[in-house]
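**Student:** To start, I am sharing the structure in question, which I have written as C-alpha cells.
The values are calculated or read from the model by the stated rules, or taken from the named source; none is laboratory data. If you're wondering where the values come from, they're calculated on a predicted model, not measured in any experiment. Heads up, the Cβs are rebuilt from the backbone with ideal geometry, glycines too, and the neighbour counts pull from every protein chain shown. For accessibility, only protein heavy atoms count, side chains too; no ligands or nucleic acids. Shrake-Rupley method; radii C 1.70, N 1.55, O 1.52, S 1.80 Å.
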Amino acid sequence: RAYQVSLKTENCPHQSVRNNLSQDLLLAGKFKEGWAEYESRLKDNEHQFFKHHFGEAWEGTDKENKLPKSLILVCEQGFGDTIQFCRFALLLEELGVEIALFCQRSLITLLKESSQINYITDELSSKEISQYNNWCPLLSLPKKLGLENTPIEIKQGYLKADQKRVDKWSRLLIRRANHKLVGLHWQGNPNFEKKLYSKGRSMDFGDLLNLKRLENVEFVSLQKGEAQNQLKTKDKLLFVKGQMYFNSNFDFRDTAAVIAQCDLVITTDNVIAHLAGALGVQTWVALQWIPEWRWGLEGEE
C-alpha cells in the first residue's frame, strides 16, 4: 500500500521507484512480480527503430502458448547481460523460432564463433529485417515466456571457445607442471559502479594477494581496462608464463579461449563471471553482502 501511495506523490520519479522495486523483488526470488515490474526499466524513447518497423514489442506467449515464427532479440545494458541472457535465444531456436540477435559489436564475433545462435548482428537493413515479424528486448524474455522459478539447465555450458584459439593460447601460456591454473578478475565496468545496485561489487587487486599462500597453483589475470594497472606480477602471486601476451589482448574470443583452459575462475560480479559460467568453467563469484538481483540472497549457485 505504501508503494502504491508513493507512486501518486507529485514529482515522484515513478520509473526509478518501480525499477528499484523490481530488482528488490527479483533479489528476493519473487520472480513473477519482479519480472513484471522490471519492464519499467524500458524508457518510452528507446528502441524507436524496432517500433517503427514492427510496432510494439512482442507481448509474449498467450494462453495457447504460441510462439512467433521469427523474433529479433535486442540486447541491452552490459556485456554480461547479453552473455547471461543469450541462452534464451538458444532456447527459442530449439522451440523452432528463427532468431536474430541484435547485440553489442564487441560481442558479435565471440557469439558467432562460440554459440549456435542463427544470426547475430549490430546492423539491420530493411532487406534483412523483412523476414522477421516481431522483436523483443532480451531481458524481457523471462516475463514474456512465463518463466518464474524454472531454470534453464545447460550443465556443460552454452558457449564453446574456438579450438584454434584454445590451442594458440595453450602455446603462449606455458603452464608449470602439476599446477592448477586459476583465472582472476576483480574489477567490472566503472561506469556501472555508479548505479545503486552495483556499488561496491568490485575489489582491489591487493585483496587477492592472500592467494599466494596456495601451493601448486598459478594464476592468469583476465583483467582488462584501467584496473589492469593494479596488476603486479613480481614477488606477489605466481602468474603463468606468457601473461604479458594476454595483457595486451582485448578480444573476447581470446579471453574465452584462456578461460577454457582454467581449472577455476575467481571473479567479482562482471562480464567474466557470465562468460566463464557460459563456457561451463567452474567459477567462484565474490559478492558484496547485498548483491545485484541476479545472484539472489540464498544458496551458492
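For every residue, the table says whether it meets (1) more than 18 Å from the chain's Cα centre (by Cα); (2) within 25 Å of Arg87 (Cβ to Cβ).
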position: Leu147; (1), (2): yes, yes
position: Glu153; (1), (2): no, yes
position: Gly157; (1), (2): no, yes
position: Asp167; (1), (2): yes, no
position: Arg171; (1), (2): yes, no
position: Asn178; (1), (2): yes, no
position: Phe192; (1), (2): no, yes
position: Lys195; (1), (2): no, yes
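**Student:** Take the conditions more than 22 Å from Leu42 (Cβ to Cβ), free of Cβ contacts under 8 Å to residues at least 40 places away in the same chain and out of contact with any Leu (no Cβ under 8 Å at 6 or more places or on another chain) and apply them to Lys164. Does it pass? Reasoning before the result, please.
**Tutor:** Working: more than 22 Å from Leu42 (Cβ to Cβ): yes; free of Cβ contacts under 8 Å to residues at least 40 places away in the same chain: yes; out of contact with any Leu (no Cβ under 8 Å at 6 or more places or on another chain): yes.
Answer is yes for this residue.
**Student:** Output the residues belonging to the stretch 104-148 that are aliphatic (A, V, I, L, M), within 20 Å of Tyr38 (Cβ to Cβ) and assigned to a helix (DSSP H, G or I).
**Tutor:** Leu138, Leu139, Leu141
**Student:** I need every pair where a residue in the stretch 21-34 that is within 20 Å of Leu145 (Cβ to Cβ) has its Cβ under 7 Å from the Cβ of a residue that is not in a helix (DSSP H, G or I), sequence separation at least 6 or different chains.
**Tutor:** Pairs that qualify, where the first residue is within 20 Å of Leu145 (Cβ to Cβ) and the partner is not in a helix (DSSP H, G or I), are Gln23/Tyr197; Gly29/Gly296; Phe31/Glu148; Phe31/Asn149; Lys32/Glu148.
**Student:** Please tell me if Glu33 is touching a helix residue (DSSP H, G or I) at 6+ places or on another chain (Cβ under 7 Å), at pLDDT 90 or above, over 29 Å from Ala256 (Cα atoms) and open to solvent by 70 Å² or more (accessible area, probe 1.4 Å). Please lay out each step first, then the result.
**Tutor:** Details: touching a helix residue (DSSP H, G or I) at 6+ places or on another chain (Cβ under 7 Å): yes; at pLDDT 90 or above: yes; over 29 Å from Ala256 (Cα atoms): yes; open to solvent by 70 Å² or more (accessible area, probe 1.4 Å): yes.
In short, yes.
**Student:** Give all pairs with beta carbons closer than 8 Å in which a residue from the stretch 111-132 that is touching a residue at least 12 places away in the same chain (Cβ under 8 Å) meets a residue that is open to solvent by 80 Å² or more (accessible area, probe 1.4 Å); count only pairs at least 6 apart in sequence or on separate chains.
**Tutor:** Close Cβ pairs (under 8 Å, with a partner that is open to solvent by 80 Å² or more (accessible area, probe 1.4 Å)) amount to Ser114/Lys160; Ser115/Lys160; Ile120/Lys112; Asp122/Arg105; Leu124/Phe49.
**Student:** How many residues are of a type outside the set (A, V, I, L, M), open to solvent by 40 Å² or more (accessible area, probe 1.4 Å) and part of a loop (DSSP other than H, G, I, E, B) if we restrict to the stretch 281-298?
**Tutor:** 4
**Student:** Give the number of residues within the stretch 248-279 that are surrounded by fewer than 17 Cβ atoms within 10 Å (Cβ to Cβ) and either of a type outside the set (Gly, Ala, Ser) or under 16 Å from Phe85 (Cα atoms) (or both).
**Tutor:** 5
**Student:** Continuing with the same structure: Hey, among Gly200, Gly157, which residue is touching a residue at least 60 places away in the same chain (Cβ under 8 Å), small (Gly, Ala, Ser), open to solvent by 40 Å² or more (accessible area, probe 1.4 Å) and out of contact with any strand residue (DSSP E or B) (no Cβ under 6 Å at 6 or more places or on another chain)?
**Tutor:** Being touching a residue at least 60 places away in the same chain (Cβ under 8 Å), small (Gly, Ala, Ser), open to solvent by 40 Å² or more (accessible area, probe 1.4 Å) and out of contact with any strand residue (DSSP E or B) (no Cβ under 6 Å at 6 or more places or on another chain) holds for just one of Gly200, Gly157, which is Gly200.
**Student:** Within the stretch 182-231, work out how many residues are in contact with a Phe, Trp or Tyr (Cβ under 7 Å, 6 or more places away or on another chain) and at pLDDT below 75.
**Tutor:** Summing the residues that are in contact with a Phe, Trp or Tyr (Cβ under 7 Å, 6 or more places away or on another chain) and at pLDDT below 75 in the stretch 182-231 gives 2.
**Student:** Something else: If you take the residues in the stretch 36-79 that are at positive phi and either without any contact (Cβ under 8 Å) to a residue 12 or more places away in the chain or touching a Phe, Trp or Tyr at 6+ places or on another chain (Cβ under 8 Å) (or both), which one is surrounded by the fewest Cβ atoms within 10 Å (Cβ to Cβ)? Don't jump to the end; show me each part of the working.
**Tutor:** Going through the stretch 36-79, the residues at positive phi turn out to be 47, 55, 60, 65, 77.
Subsequent filtering for residues that are either without any contact (Cβ under 8 Å) to a residue 12 or more places away in the chain or touching a Phe, Trp or Tyr at 6+ places or on another chain (Cβ under 8 Å) (or both) retains 47, 55, 65.
Details: His47: 19, Gly55: 10, Asn65: 8.
Selected residue: Asn65.
**Student:** Okay, next question. What number of residues within the stretch 51-66 are of a type in the set (A, V, I, L, M, F, W, C) and at pLDDT below 90? So that I can check it myself, show each step before the final result.
**Tutor:** In the first step, residues of the stretch 51-66 are kept if they are of a type in the set (A, V, I, L, M, F, W, C); the result is 54, 57-58.
From what's left, at pLDDT below 90: 54.
So the count comes out to 1.
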